[in-house]
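Taking it in order: structure first as structure tokens, then the write-up.
None of the figures in this text is laboratory data; all of them are computed from the coordinates on show. Nothing here was measured: the structure is a model prediction, and the numbers come from that model. Reconstructed Cβ throughout: ideal geometry from the backbone, glycine too, with neighbour counts over all protein chains shown.
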Amino acid sequence: MKKIVFRFWIINFLISIALFFIYRIVIATSEMVDGNFFEKLIQILDLVLNIGFTVIYLIVMLISSFALLLNLIEKIRNNFYLSLLTFLGIPSFGVIFIIINLLNDIVLDNSTILIKLAIFSLIYLFLTTIEFLLFRKRIKKIQTDK
């Protein structure tokens, strides 16, 4: 059972690292518009903010990944809802928080700096949901084989 939990943890950890690097590549390839000094300064600040978001994104994803290790505890692993929380609790909270802030920024300032972060957070949540479903299927299969 420990091997299964560690295997899913490693997969989640690798997904987190891969999404982090893809997010960094997307930020690095964003186009810079030629303009006056003020526009260039705004673009540099946008880049610095996005780099800060990537660091926060990586930290949250790693904490979320380590939360999967709570499935080593039998009570949590055998309870569907507690296991669901270990997989999707932190990512769901993060996505809700980011989307609320994104909608707030769009309504008040018409700024869209959080769109890339929201998209990558939704991708991570989707992949973690699939991983959870596969994990539950594997656990159910092992429990019925006993």
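Annotations for the structure displayed:
- Region 2-145: C-alpha gyration tensor shape, a/c 1.5 cut-off, then a/b vs b/c: prolate
- A simple count of charges around Ala18, restricted to other residues whose Cβ falls under 14 Å of its Cβ and scoring Lys, Arg +1 and Asp, Glu -1, yields 0.
- Modelled spin labels at Glu39 and Thr144, positioned 7 Å past Cα toward Cβ, are 6.2 nm from each other.
- Of interest is the spacing of the C-alpha centroids, which for region 23-40 and region 71-105 amounts to 33 Å.
- Along the axis of the charge dipole computed for region 2-145 (Cβ charges of +1 for Lys and Arg, -1 for Asp and Glu, origin at the Cα centre), the listed residues Ile42, Leu134, Met32 are led at the positive end by Leu134.
- Residues Phe13, Phe87, arranged from fewest to most other Cβ atoms within 10 angstrom of their Cβ, appear as Phe13, Phe87.
- The ranking of Val33, Val60, Val55, Val26 from fewest to most other beta carbons within 10 Å of each one's beta carbon is Val33, Val55, Val26, Val60.
- Charge tally in the Cβ shell below 14 Å around Leu117, where Lys, Arg are +1 and Asp, Glu are -1, Leu117 excluded: 0
- Among Leu45, Leu102, Leu68, the order by Cβ neighbours within 10 angstrom, fewest to most, reads Leu45, Leu102, Leu68.
- Taking the Cα centre of region 2-145 as reference, the dipole from Cβ charges on Lys and Arg (+1) and Asp and Glu (-1) amounts to some 1180 debye.
- Shown in residue order for region 119-127 are the 3J(HN,Hα) couplings computed by the Karplus curve 6.51 cos²θ - 1.76 cosθ + 1.60 at θ = phi - 60°: 5, 5, 5, 5, 4, 5, 5, 4, 5 Hz (x for Gly and Pro).
- Spin-label model distance (nm) - Thr29 vs Leu49, 7 Å beyond Cα toward Cβ: 2.3 nm
- Gain upon complete extension [Val107, Ile76; 0.36 nm per residue less C-alpha separation]: 7.1 nm
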